[in-house]
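The values are calculated or read from the model by the stated rules, or taken from the named source; none is laboratory data. It should be emphasised that the depicted structure is a prediction, and the values quoted were computed from it without experimental measurement. For neighbour counting, all protein chains shown are included, and Cβ atoms are generated from backbone atoms with ideal geometry for every residue, glycine included. Just so you know, the surface numbers come from the protein's heavy atoms only, side chains and all, with ligands and any DNA or RNA stripped out. Shrake-Rupley method; radii C 1.70, N 1.55, O 1.52, S 1.80 Å.
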Amino acid sequence: MKKRFLGLVSLMLIFSLIFGGCSTSEEKEKTTGDSSEKQGEEQKESQEIKNLVIPKLATRELETFNILYSQLAADFENLCNLVESLLEVDSHGALKPALAEKWETKDGGLTWNFNLRDGVKWVNLNGEEKADCVSQDFATSLEWVLNFHKNDSVNTSMPIEMIKGAGEYYEYTKNLSKEEAYALTAEEGSKFREMVGVETPDDLTVVYRCIEPKPYFDSVATYACLFPMSQKMVDELGIDGVKSMNNETMWYNGCYTMTSYVQGNEKEFTKNPAYWDKECNLFDTVTIKMVESNDVAFQLYQTGEVDYVELTESNLKTISSNKDNELYSSLVEKPADKYSYQIHFNYSKNKEDGTPDTNWNTAIANEAFRKALFYGWDLSEYFKRTNALNPMTCENNYYTMKGLIYTSDGKDYVELVREELGLPELNGEKMVRLDAEKAKKYKEQAMKELTAQGVTFPVGLDHYISGANQVALDSANVLKQTLSNSLGDDFLVLNIKTFVTKASKEVFDPKLHSISTNGWGADYGDPQNYLGQETYGYDNAYYSKSQSKINDVKETEQTKALLDTYKEYTSLVEQANAIHDDLDERYAAYAKAEAYLLDHVLVLPLNYNVSWCMTKINPYSKMNAMYGSINEKMKNWETKKDGYTTEEMKQIAEEHKSASQK
């Protein structure tokens, strides 16, 4: 057998010499190159995962199947795969066509035209065609968002802020009965068409008319409020049916349909055979397993049952401290996600019996009290909960997320904020805003002023976490210890309290919290989407309404200074938002407003999420914008069955960074 094999090889060599003599050296190189390239592609394809399995914490379960009705990342990471947006982004955050093939503004952002691609289909659970996706679907969806009785004010802030007549239509529906509002549609000749600046001159053209020039309006086309909804689906399901729709009743026009859903357990996405983009890479199926903790997910990754896991602090320390650990070379540091995390204060707190918590409310209204926290609270140990190896990469000193926008000369907007605040650059060793002398001065000042107002020390700070989440409990204990070490138990004591199911209903609505720790990811590419969430007197300012409760604060001798500060901050935001013709001037004005917000410590910057994982998914191949609802769209993801090594990911990260700078 061996001799025969050698003989065949010799014969093949002779033939290759005979027929190879006709080729020029250029042709030989081309042939060799083509063969090598093809071989590389085949090898890469053999390593790709076709049926992906990823874990998600049970706390990130879907709350709705209607993307128009959500403002939660836990919903978006599922729903952006089921319903398609006007535009999408690439792995560097650049806007790309999706449902809209082309888009433009010819008047500086006052009017925006989106030209839809022909032939996009709405399908049911099984991929069976239901209707064409046409321009009317975007009028229907916007009417739904702006109809108070249909969407309960969710996702109204951007349309009201930007689109002509949107605010007026919202107020109009608010004053109708439920039955009257339910009867409204966005058909031609409707009240909606009469009032709101949306036009559909043909089936493949959508025109939005803005209140004033919005040069960044196209970035809104990646966010939930402008996703489509078929009027034919509304007719089929009815208004209440749409409100309660699930994976079996909803219509799809995205990459996948959700062919299986067991709440709190498992969901399965199946490639949509009617999806418009026939050239993209999609998984045949994606299974999401809901797990109670990342420790459980880690066990599943070790047994090969899932293709990705975020590492807990303990798992990361165990693996990284031992070079002989079989997983040591598989540690991957993830790029920062799009969220800027802050500590938000509740200025109108209640006790559990529903009466005002006067001790806390008086203390937090005092600026010296808040400044003691700003300059004194060392959170570096808390950062280790996210990144035990490089904790200071998690340091955040701003409200707006870095990388959201840049000035005309390429400067990151948050650098403008840093300069306004007079903060030094990050040094990677300690938090740059810490100042022991200032912290001591403000602590002494606060205790003196507040004692005179009847406040008793230490002030209790109630921090709520999920009672079933051990990781949250561990993090809360670290947060408690950092506060104690930084400012002393004679000043503040953090009380860890728990909720059972939903923080919104059990904690935030009854106003029981002293603080909340939240991350905000921009809905579109402008500082207004961050800073507008903290403005005073606005129903649609998310944090003012839901967590800081500043609009509920009554003016008294103790709260007047706080309310005046909020009003001045709001005025600065409004002034910045009025600048449309010069983006550099606009960003500079917003930077002043943000610096004012932080200098008066109306919120306290917390961290960025730069964590470690083990992964068979290349995170740098994902869509990556600092705004919108679609970064978890499972399209064109690169995968590797054996998983990525630390060194491989470092090289990928360098190449990605280099490509971003071109």
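Report the full-extension gain for the segment S46 to Q481: residue separation times 0.36 nm, less the Cα-Cα distance, to one decimal in nm.
Between S46 and Q481, full extension yields an extra 151.7 nm.
Pairing the Cα long axis of helix 583-599 with the longest principal axis of the chain, what angle in degrees results, from 0 to 90 and rounded to the nearest 10?
Rounded to the nearest ten degrees, it is 50.
Below 15 angstrom from the Cβ of P510, what's the summed charge of the other residues (Lys, Arg +1; Asp, Glu -1)?
Cβ neighbours under 15 Å give a net charge of +1.
Going highest first, how would you order 650-658, 78-86, 487-495 by mean Cβ packing within 10 Å?
For the peptides 650-658, 78-86, 487-495, the packing ranking is 78-86, 487-495, 650-658.
Among L512, P228, L86, flag the residue with its Cα farthest along the positive direction of the charge dipole of the chain, charges on Cβ as +1 for Lys/Arg and -1 for Asp/Glu.
Selected residue: L512.
List the GluC sites (Glu not before Pro) within region 359-464 that DSSP assigns to loop and that have no more than 12 neighbouring Cβ atoms inside 10 Å.
Counting only loop positions with at most 12 other Cβ atoms within 10 Å, the GluC sites (Glu not before Pro) in region 359-464 are E425, E429.
Under 12 Å Cα-Cα from K430, which aspartates and glutamates qualify once same-chain neighbours fewer than 8 residues away are excluded?
Filter leaves D378, E381, E395.
Is the C-alpha gyration tensor of region 59-210 telling us rounded, prolate or oblate? Criteria: a/c under 1.5 is rounded; beyond that, a/b larger than b/c is prolate, otherwise oblate.
In terms of gyration-tensor shape, rounded.
Between E425 and D152, take the C-beta separation as r, use R0 = 41 Å, and let me know the FRET efficiency to the nearest 0.05.
With R0 = 41 Å, the Cβ-Cβ based efficiency is 0.40.
Of all the accessible heavy-atom surface of the chain, with the other protein chains kept in place and a 1.4 Å probe, what percent is carbon and sulfur?
48
In whole Å, what three semi-axes, largest first, describe the equivalent ellipsoid of region 366-411 built from its Cα gyration tensor (square root of 5 times each eigenvalue)?
So the three semi-axes of region 366-411 are 25, 20, 7 Å.
Where a Cα-Cα gap under 19 Å defines reach, which aspartates and glutamates qualify for K130, not counting those fewer than 8 residues away within the same chain?
Straight-distance partners of K130: E84, D118, D203, D235, E236, E248, D277.
If you stretched the chain out fully between V262 and K323, how much longer would it get, using 0.36 nm times the residue separation minus the C-alpha to C-alpha distance?
Contour length minus the Cα-Cα distance gives 17.9 nm.
Dividing the convex hull volume of the alpha carbon atoms of region 126-205 by its residue count, what do you get in Å³ per residue?
117
If you put +1 on each Lys and Arg Cβ and -1 on each Asp and Glu Cβ, how big is the dipole of the chain around its Cα centre, in Debye rounded to 20?
Here the chain has a charge dipole of around 1460 debye.
Using only Cα atoms, find the angle between the long axis of helix 25-47 and the longest principal axis of the chain, and express it within 0 to 90 degrees, rounded to the nearest 10.
Here the helix axis deviates by roughly 50 degrees.
Within 10 Å, count the other beta carbons around each residue, average over each peptide in 290-302, 587-599, and list them highest first.
Most protected by this proxy first, the peptides run 587-599, 290-302.
Cα-Cα over 19 Å: which of K349/K443; K50/K334; K150/K243; K121/K278; K50/K635; K567/K592?
In this structure, K349/K443; K50/K334 exceed 19 Å between Cα atoms.
What number comes out for accessible area per residue over the chain if the probe is 1.4 Å? Units Å², please.
45
Work out, step by step, the length gained on full extension between K502 and Q651: first 0.36 nm times the residue separation, then minus their alpha carbon distance; give nm to one decimal.
So the extension gain works out to 49.5 nm.
Can you compute the FRET efficiency between D118 and S190 using 1/(1 + (r/R0)^6), with r the Cβ-Cβ distance and R0 = 41 Å? Round to the nearest 0.05.
Once the sixth-power term is evaluated, E becomes 0.95.
Report ³J(HN,Hα) in whole Hz for each residue of region 74-85, in order, from the Karplus equation J = 6.51 cos²θ - 1.76 cosθ + 1.60 where θ = phi - 60°; Gly and Pro get x.
5, 7, 4, 5, 8, 6, 5, 8, 9, 10, 9, 8
Looking at the chain only, what percent of DSSP beta bridges run antiparallel? Nearest 5 please.
Once the DSSP bridges in the chain are tallied, antiparallel ones form about 75 percent.
Of G643, I579, L563, which is farthest along the charge dipole of region 560-662 in the positive direction, counting Lys and Arg as +1 and Asp and Glu as -1 at C-beta?
Sorting the options by dipole projection puts first G643.
For region 575-589 and region 172-216, what is the separation of their Cα centres, given in Å?
28
Å³ per residue of the Cα convex hull, for region 404-453?
Residue-normalised Cα hull volume stands at 126 Å³.
So if I place +1 on the C-beta of Lys and Arg and -1 on the C-beta of Asp and Glu, and nothing else carries charge, what would the dipole magnitude of region 183-304 be about its Cα centre? I want it in debye, nearest 20.
Using Cβ point charges on Lys, Arg, Asp and Glu, region 183-304 gives about 160 debye.
What number, in percent, do you get for the relative contact order of the chain if the mean sequence gap of Cα pairs under 8 Å and at least 6 apart is divided by its residue count?
Once normalised by length, the contact order is 19 percent.
Just how far, in whole angstrom, is region 230-249 from region 250-326 if you go by their alpha carbon centroids?
Taking the Cα centre of each part, region 250-326 and region 230-249 sit 28 Å apart.
About the Cα centre of region 148-214, what is the dipole size in debye to 20, counting +1 per Lys and Arg Cβ and -1 per Asp and Glu Cβ, all else neutral?
200
Modelling each spin label as a point 7 Å along the Cα-to-Cβ direction, I'd like the N126/E279 distance in nm, to one decimal.
Once both label points are built, they end up 3.3 nm from each other.
Order these peptides, 512-518, 626-632, by their mean beta-carbon neighbour count within 10 angstrom, highest first.
Result, highest mean first: 626-632, 512-518.
Can you grab the distance from the C-alpha centre of region 610-662 to the C-alpha centre of region 103-141, Å, no decimals?
29
Of (i) 1.01; (ii) 0.98; (iii) 1.20, which one was derived for Rg/Rh (Cα atoms, Kirkwood Rh) from the structure shown?
Matching entry in (i) 1.01; (ii) 0.98; (iii) 1.20: (i).
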